[in-house]
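Take a look at the structure set out below.
What follows draws every value from the coordinates through simple rules; no lab data is involved. Computed from a predicted model, the values in this text were never measured in an experiment. Neighbour counts are summed over all protein chains in view; Cβ atoms, including those assigned to glycine, are modelled from backbone coordinates with ideal geometry.
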Amino acid sequence: MKTRKIITTISALALAISAVPMSASAETLAMEQVMSLLESEELPQDADLNGEFDQNDAAALLSFYTFHMFDPSDVYKPNNVLTEEVFNNIKSNFDLDGSGLVDATDAAYLLEYYYFYYTESVVGDLDGDGLVTATDASTVLNYYADTQTGDTPEYSLQMDMQYLGDANGDKTTDASDASEILKIYTDNMTKE
């Protein structure tokens, strides 16, 4: 569940920051092209140079982009997030969409690729145990009740609901999704 919270938080930040206008070339690659190149390993994946591909690579790209928004020079400045080696790796290799900039779109693409190709998330499985259960339906109902009474749920929970709680695919998370999750649960129970 902690990994999912990290992923959803990074994804939300990437999407929010990508709304900031930046100049880019007209020859950018579409998301499908980037995903295909990542899958064929024609594009790099290990942004933080730790020897493995994980959500932290997308976080490193997002950190690079955030620093670049405030200081657009290509000169490394010591900080507690990126080492000079990681900074230079990202600057040289991680303009994944070919826009001319390493930006939030590149981070979002890398995160999407990780999320959909390297995790085993299941729509309706909100507690991350790999199963769709009544507990997951209860989580959706609690979330829906909170939003209807004016409470603002934790942001990572909001992102989980967007990706995993919308079981009926109508772009909202409400009681009908809890019903759909219960239906999935009972269907799975009768198959066993």
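Things to note:
- With Cα atoms as the point set, region 80-192 shows a radius of gyration and Dmax of 18.4, 55 Å.
- Integer Hz, Karplus 6.51/-1.76/1.60 couplings in order for region 84-101, x for Gly and Pro: 4, 5, 5, 3, 5, 4, 5, 4, 7, 10, 10, 7, 5, 8, x, 7, x, 9
- Take the Cβ atoms of Phe67 and Glu27, set R0 to 22 Å, and the FRET efficiency comes out at 0.30.
- Loop-located trypsin sites (Lys or Arg not before Pro) in region 141-192 (DSSP state not H, G, I, E or B) with no more than 14 neighbouring Cβ atoms inside 10 Å: Lys171.
- Sites Glu84 and Ser36, calculated FRET efficiency, Cβ-Cβ separation with R0 25 Å, nearest 0.05: 0.20
- A convex hull fitted to the Cα coordinates of region 43-114 yields 78 cubic angstrom per residue.
- Taking each residue as 0.36 nm, the span from Glu154 to Ser176 lengthens on full extension beyond its C-alpha to C-alpha distance by 5.8 nm.
- Intensity falloff of region 134-191 expressed as log10 I(q)/I(0), Debye formula with alpha-carbon point scatterers, at q = 0.21 Å⁻¹: -0.73
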